[in-house]
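Peer 1: One structure, pasted below without further comment.
The values are calculated or read from the model by the stated rules, or taken from the named source; none is laboratory data. Remember, predicted model here, so these are calculated numbers, not experimental data. Cβ placement follows ideal geometry from the backbone for every residue including glycine, while neighbour counts extend to all protein chains displayed. Ligands, DNA and RNA are excluded from the accessible area calculation, which covers all protein heavy atoms including side chains. Shrake-Rupley method; radii C 1.70, N 1.55, O 1.52, S 1.80 Å.
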Amino acid sequence: MTEQAQPLKTYRGNCHCAAYIFEVKLPEIKSAVQCNCVICSKKGALWQVPAHDNLTFVKGDMDTLSSYSFGGKIMNHKFCPHCGTNLMCMGYMSPPKPGDETPPQMIVNVRAIQNLNVWSLELRPIDGAAIPPTYEPPKFTGPEPSADIEGGKTYNGSCHCGVVKLALKTKPLDKDFDANIAECNCSICGRLGCIWIYPNADQVVFEGDENLTIYKMGLGMYGKSFCKICGVPIHNRPETLTEEQIAALPEEPRKWFTWGKNMSIINVRVLEGVDLKELNVKQMDGWNAAKQSYVNP
Ligand SMILES: [Zn+2]
Ligand SMILES: [Zn+2]
Ligand SMILES: [Zn+2]
């Protein structure tokens, strides 16, 4: 049976802040397309391709989503301007020929779909990295991080459009790296597709971080940052809380905040020269742990 012949199910999806809610008709989602191009890798996007007209907005609309395109500007990456959830792309894989009336292709990031465990999906790789032009990583021009790390190495990182850059000094990020690196599937980390590393603040220097939007949620302990131009999630920023505010937190969140408040928690996906397949990435089941606290809109 081909994919087209399978019965369609209606799935509901949304960005984390619920400004955008959509419904999409697809055959039962058992797999997703994983593209290795730079923007899909930085966003950890996992794609499904609905037939034309099978996606409708329940709340919000396509025109008010933030839109980012590059190169030939034929594919628009659409993300929520408030929370950074990368919802969909609309456009063409190759420029349409003159007179070609084919409507633009819509693809959906299944990370935004409700009650879908993306870790259970079969991933179907495509080689988007081979499509020209070749990506030129932006150059970090700020100072070295001040931390003194024995055998340390400095990695540069950035969003896709290059307005936000960073340097991270750390023990080499390879198969022998033994500090925590974690992929979390909670409502926000799962949507943003982040893989976190937990350096101290003095191991990281940002450049252009005035271009970040900070999304605060829940108890407001950490702000999730993303580039306001291209939507790439950059870091999980501990917020500045007073002693009174910290004391007022429930016990478990207070431990988590006290542990991380001097860190600069970075999305490993934005770093240059790191092979994710080499790293020992732990899967942190935040979705089940925090099940009660996020209500699907
Ligand atoms: Zn949102
Ligand atoms: Zn791609
Ligand atoms: Zn950017």
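Peer 1: To check my understanding: the extent here is largest minus smallest coordinate of the Cα atoms along each principal axis. What are those three numbers for the chain, in Å, largest first?
Peer 2: Projected onto the principal axes, the Cα atoms of the chain cover 59, 43, 34 Å.
Peer 1: Can you find, among GLY190, ALA179, ASN200, the residue sitting farthest towards the positive end of the charge dipole of region 168-296, where Lys and Arg contribute +1 and Asp and Glu -1 at Cβ?
Peer 2: GLY190
Peer 1: Another question, then. Counting only trypsin sites (Lys or Arg not before Pro) that are in a DSSP loop and have at most 11 other C-beta atoms within 10 Å, tell me the longest site-free stretch of the chain.
Peer 2: Counting at most 11 other Cβ atoms within 10 Å as exposed, the longest clean stretch of the chain is 176-297.
Peer 1: Evaluate 2.2 N^0.38 Å with N set to the residue count of region 153-293, then give the Cα radius of gyration divided by it.
Peer 2: Values: Rg = 14.9 Å, N = 141, 2.2 N^0.38 = 14.4 Å.
Taking the Cα Rg and dividing by 2.2 N^0.38 Å, one obtains 1.03.
Peer 1: Specify whether the C-alpha gyration tensor of region 43-140 places it in the rounded, prolate or oblate class, a ≥ b ≥ c being the square roots of the eigenvalues: rounded for a/c under 1.5, otherwise prolate if a/b is larger than b/c and oblate if not. Could the numbers behind the result be given before it?
Peer 2: Numbers: a/c = 1.35, a/b = 1.14, b/c = 1.19.
Rounded shape, in that the Cα axes give a/c under 1.5.
Peer 1: Decide, for region 84-139, between rounded, prolate and oblate: order the square roots of the alpha carbon gyration tensor eigenvalues as a ≥ b ≥ c, take rounded if a/c falls under 1.5, and otherwise choose prolate if a/b is larger than b/c, else oblate.
Peer 2: oblate
Peer 1: In addition: Using Cα pairs under 8 angstrom and six or more residues apart, how large is the relative contact order of the chain, in percent?
Peer 2: Reported relative contact order: 19 percent.
Peer 1: For the chain, give the percent of accessible area contributed by carbon and sulfur heavy atoms, probe 1.4 Å, rounded to a whole number. Don't skip to the answer; put the middle values down first.
Peer 2: On the way: 7740 of 15060 Å².
Roughly 51 percent of what the probe reaches on the chain is carbon or sulfur.
Peer 1: Of the candidates ALA32, ALA248, ALA112, which one comes out as most mobile in a Gaussian network treatment of the chain with C-alpha springs shorter than 10 Å?
Peer 2: Looking only at ALA32, ALA248, ALA112, the biggest GNM fluctuation is shown by ALA248.
Peer 1: To the nearest Å, what is the center-to-center distance of region 192-238 and region 41-104, using C-alpha atoms only?
Peer 2: 24 Å
Peer 1: Roughly how many debye, to the nearest 20, is the charge dipole of region 1-159 about its Cα centre, given +1 on each Lys and Arg Cβ, -1 on each Asp and Glu Cβ, and no other charges? Spell out each step's value before the answer.
Peer 2: On the way: 14 positive and 14 negative charges, 38 e Å.
In total the dipole reaches around 180 debye.
Peer 1: Gap in Å between the Cα centre of region 246-260 and the Cα centre of region 128-166?
Peer 2: Value for the Cα centre distance between the two parts: 32 Å.
Peer 1: Another question about this same structure. Return the loop-located GluC sites (Glu not before Pro) in region 1-102 (DSSP other than H, G, I, E, B) with at most 14 other Cβ atoms within 10 Å of their own Cβ; answer none if there are none. If you can, show how the numbers build up before the last one.
Peer 2: Working: sites: GLU3, GLU23, GLU28, GLU101; in loops: GLU3, GLU28, GLU101.
When the GluC sites (Glu not before Pro) of region 1-102 are filtered for loop state and at most 14 Cβ neighbours within 10 Å, GLU3, GLU28, GLU101 remain.
Peer 1: Going toward the positive end of the dipole of the chain, with +1 on Lys and Arg Cβ and -1 on Asp and Glu Cβ, which of GLN114, ASN54, GLY84 do you reach last?
Peer 2: ASN54
Peer 1: I'd like to check one number: the per residue accessible area of the chain, probe 1.4 Å, reported in Å² as a whole number.
Peer 2: Solvent-accessible surface per residue comes out at 51 Å².
Peer 1: Shifting gears a bit: Quick one: grab the alpha carbon gyration tensor of region 128-213, order the square roots of its eigenvalues as a ≥ b ≥ c, and give me rounded if a/c is under 1.5, else prolate or oblate depending on whether a/b is larger than b/c.
Peer 2: It comes out rounded by the Cα gyration axes.
Peer 1: Okay, moving on. When the chain is treated as a GNM, springs tying every alpha-carbon pair under 10 Å, which of GLN283, GLN203, GLN245 comes out with the largest mean-square fluctuation?
Peer 2: Looking only at GLN283, GLN203, GLN245, the largest GNM fluctuation is found for GLN245.
Peer 1: For the chain, with a Gaussian network of springs between Cα atoms less than 10 Å apart, report the residue from SER158, SER31, SER94 with the top mean-square fluctuation.
Peer 2: For the chain, modelled as a Gaussian network with Cα springs under 10 Å, the answer is SER94.
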